[in-house]
Amino acid sequence: MTVPPFPTTATPSDLVGRVLGLNPGLMTGPGTNTYLVGRRDPILIDTGAGVPDYVPLLDRYLQERGFTQPSRVLLTHRHRDHLGGVEQLRARFRGLRVAKMRHKDAGLPEPIDDLRDGETVHGDGVTLRAVYTPGHASDHLCYYLVEERALFTGDVILGGSTTVIPADDGDLLDYLASLRRLLSLDVGRIYPAHGPVIEDGPGKIREYLEHRMLRERQILEALADRIETIPEIVKRIYVDVAPALHPVAALSVESHLRKLAREGRAHEDKRPDHPSCWSLTSA
């Protein structure tokens, strides 16, 4: 059966429109979803990667909906496929305000307003509350749409795959805490930054938590069997994953190992010019 292409624009609810960032790839799936939230001159969540065709696509969708322009931009986090379109949008819509949580940032497309956990942003007929959710990125915010009990999850929850925890700025312990925090919210629908709308938000969050716990058990079993390096662990537990995706899987394994090391359950033996060897910590 042929899978239909992911639509470049969609209107999943009366309050939410979606415009695709047109940046498909191994890590982005169909591309980055950007969301227009509100009844008129809506708030734009994320900006895509800066692909030239994105702004004309956004313009056409705004016209179809009878909108003039975005009232402002809210960013989920600093990764390029989420803030790369800021300069394009500012060139198209003069004076457009942009906000994100400022945290460990460098090289932002200034000016950027600082937005903190728990702050509320009001649009036309909508109320968005910022929810700090580090783990995938240390500056990550989700946005809770009060009127729909819905959540814009950025890269914390994705529609179709699990989230990568990058070695440079990611932290699996923080990520698991963020998932548990989201599970405590009154959430129905999830609007992810990649992939389709998720109707059962709590179910998906629980699925993500269960998946991480499964991976942790598999890694502990591999260490118990004296499988010591990340490439060897990946080869063992990702037997059904194409080898081309093993470098991504390695990021997941590394994030789990670093979590276990922080908890005192695993130890890293660093070796120059060779992969580190990992072992269980003796009781």
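The values are calculated or read from the model by the stated rules, or taken from the named source; none is laboratory data. Small disclaimer: the values here were computed from a predicted structure and weren't measured. Cβ: placed from backbone, ideal geometry, glycine included. Neighbour counts: every protein chain shown. All accessible areas refer to the heavy atoms of the entire protein, side chains included, with ligands and DNA or RNA removed. Shrake-Rupley method; radii C 1.70, N 1.55, O 1.52, S 1.80 Å.
Some observations on this one:
- Subset tally (residues that are outside any loop (DSSP other than H, G, I, E, B), aromatic (F, W, Y) and without any contact (Cβ under 8 Å) to a residue 60 or more places away in the chain) for the stretch 187-242: 1
- Scanning the stretch 1-31 for residues that are of a type in the set (S, T, Y), under 20 Å from T47 (Cβ atoms) and either open to solvent by 30 Å² or more (accessible area, probe 1.4 Å) or outside any loop (DSSP other than H, G, I, E, B) (or both) yields a total of 3.
- Scan of the stretch 146-171 for residues that are surrounded by 21 or more Cβ atoms within 10 Å (Cβ to Cβ), among the aliphatic types (A, V, I, L, M) and closer than 20 Å to K104 by Cα, ordered by number: V156, I165
- In this structure, R217 does satisfy being over 20 Å from the mean Cα position of the chain (by Cα) and open to solvent by 50 Å² or more (accessible area, probe 1.4 Å).
- The combined condition, being within 27 Å of R39 (Cβ to Cβ) and of a type in the set (D, E), is not fulfilled by D139.
- Among the residues listed as L75, L83, L89, the single one being crowded, with 20+ Cβ neighbours inside 10 Å and in contact with a helix residue (DSSP H, G or I) (Cβ under 6 Å, 6 or more places away or on another chain): L75
- Residue count for the stretch 32-46 satisfying the condition of being of a type outside the set (K, R) and part of a loop (DSSP other than H, G, I, E, B): 5.
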